[in-house]
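Trainee: Okay, here's the structure, questions in a sec.
Each reported figure results from applying straightforward, stated rules to the coordinates on display, with no laboratory input. The shown structure was predicted, so the numbers you read here are calculated from the model rather than taken from an experiment. A quick note on method: Cβ atoms are made from the backbone with ideal geometry, for glycine too, and the neighbour counts reach across all protein chains shown.
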């Protein structure tokens, strides 16, 4: 039997990071952790270091990193701090695969650093490709690295495409649970609170992505990510509401045959698929009982109640830096919603206003993307 694959987890204290460690815990003969990085949760990272004893670990927040040092004390793990420290973890020589799950645009730099170091990346941070898809894909092609999707929707598409020729694909269909407000009237949505938005019907996720699910911004971001991952035009990427969260995505081919991937709504399944690709083995996700799963339904999302999808198509039509601006404004607006300083529709109103004020750079360099991101955040904060 081969040695366990050495992996690095960026965003180890977040929801995806913790579920990744559950997968590793269940498969110690196939996976081992050599690097961990997070933003500021020093208490949880200290616990993870004690359990996994990685060679390197880092916190982006330097003051939290000092608290981490105090908590860990004497250890075989080399502790690093700040953006440079996280980048050093991402490029740690022994790591064979990097799981990129740092939240939001903060994940772009470390993920890109891992790709530039020639490491395969299991990509759970959709904002990386939304903000800088052209740059990231160009570097990935140049370095010959694999980008393995962790999002259940993109994992489903990737699994459906195994053995198929890209030129035969005519449409990608991304499924959406519809979130907690799938049947909520627009006038009631306008008064929706963060507490209600965080009550997702089928998935357990972090706060930011759960709000994105409520607005359907997560599907807007996923559509852009799918465009970059699978080289399919945005106009050939559909979103359908599938309340049961059993069919995770579908692919239509030129002969009108459709393939779908099904499974229980459990993120450990796509995480394991990405970590062990191309191998499949038994793991942690429960089995899907076909006979008792009940009816599966599909419907079109209501564009009037969920304007985020149209904003994504607008941003992609504008091209260049526009998707990065949309993503940055969304992050600020979601934070404001969670704090109670804006309404549910204040999120998409803010994004639309920021996009209108942005002057698009058509062929951006990475520095242009960072500048557009910073400008969008400043404009979004002014909105509130």
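Trainee: Quick check for you: which residues of the range 349-376 have the amide N under 16 Å from the point 7 Å beyond the Cα of residue 134 toward its beta carbon?
Mentor: 359-373
Trainee: Within 10 Å, count the other beta carbons around each residue, average over each peptide in 48-61, 153-166, 188-201, and list them highest first.
Mentor: 48-61, 153-166, 188-201
Trainee: May I ask you to derive the FRET efficiency for residue 195 and residue 78 from their Cβ-Cβ distance with R0 = 56 Å, giving the value to the nearest 0.05?
Mentor: 0.85
Trainee: Going 7 Å from the Cα of residue 284 along its beta-carbon direction, which residues of the range 95-135 have the amide nitrogen within less than 16 Å of the resulting point?
Mentor: 99-101, 124, by backbone N distance to the label point.
Trainee: Over the C-alpha atoms of the range 111-204, what are the Rg and the largest Cα-to-Cα span, Dmax, in Å?
Mentor: That works out to 17.7, 50 Å for Rg and Dmax.
Trainee: Per 0.36 nm of contour for each residue apart, how much would the distance between residue 143 and residue 339 grow if the chain were fully extended, relative to their Cα-Cα spacing?
Mentor: That pair, residue 143 and residue 339, stretches by 66.4 nm at full extension.
Trainee: If you scale each eigenvalue of the Cα gyration tensor by 5 and take the root, what three semi-axes come out for the range 176-328, rounded to whole angstrom and sorted largest first?
Mentor: 25, 21, 16
Trainee: Taking Rh as the Kirkwood radius computed over C-alpha pairs, what is the Stokes-Einstein D of the range 223-286 at 4 °C in a medium of viscosity 1.567 mPa s, expressed in µm² per second?
Mentor: Translational diffusion coefficient: 94 µm²/s.
Trainee: Return a whole-number percent for the relative contact order of the chain, with Cα pairs under 8 Å and 6 or more residues apart as the contact set.
Mentor: 15
Trainee: Moving to a separate point now. Taking the Cα-to-Cβ direction at residue 29 and at residue 117 and moving 7 Å from each Cα, how far apart do the two end points lie in nm?
Mentor: 2.9
Trainee: Rg/Rh for the range 5-145: what does it come to with C-alpha atoms and Rh from Kirkwood? Intermediate values should be presented prior to the final figure.
Mentor: On the way: Rg = 14.0 Å, Rh = 14.6 Å.
For the range 5-145, the value is 0.95.
Trainee: Given just the C-alpha atoms of the range 109-161, how large is their convex hull per residue in cubic angstrom?
Mentor: 74
Trainee: Using alpha-carbon positions, what is the distance between the centroids of the range 271-299 and the range 51-76, in Å?
Mentor: Each part reduced to its Cα centre gives a spacing of 35 Å.
Trainee: Find the Rg to Rh ratio for the chain, where Rh is the Kirkwood radius over alpha-carbon pairs and Rg uses the same atoms.
Mentor: Here Rg/Rh amounts to 0.95.
Trainee: Right, next: For residue 303 and residue 63, FRET efficiency with R0 = 30 Å and r from the beta-carbon atoms, rounded to 0.05?
Mentor: Details: r = 44 Å, r/R0 = 1.46.
Calculated transfer efficiency: 0.10.
Trainee: Relative contact order of the range 5-145: what whole-number percent is it, with Cα pairs under 8 angstrom and at least 6 residues apart?
Mentor: Working: 276 pairs, mean separation 33.3, N = 141.
It rounds to 24 percent for the range 5-145.
Trainee: Given the DSSP H assignment, sum -39500 (n - 2.57) over each helix run of at least 4 residues in the chain and divide by its residue total; what's the result at 222 nm in deg cm²/dmol, nearest 500?
Mentor: Dividing the helical sum by the residues of the chain leaves -14500 deg cm²/dmol.
Trainee: Ok, one more. Could you tell me how many cubic angstrom of Cα convex hull volume the range 63-222 has per residue?
Mentor: That works out to 166 Å³ per residue.
Trainee: Determine, for each peptide in 299-311, 276-288, 92-104, 243-255, the mean count of other beta carbons within 10 angstrom over its residues, then list the peptides with the highest first. Before the final figure, lay out the partial values.
Mentor: Values: 299-311: 16.7, 276-288: 12.7, 92-104: 22.7, 243-255: 18.6.
Result, highest mean first: 92-104, 243-255, 299-311, 276-288.
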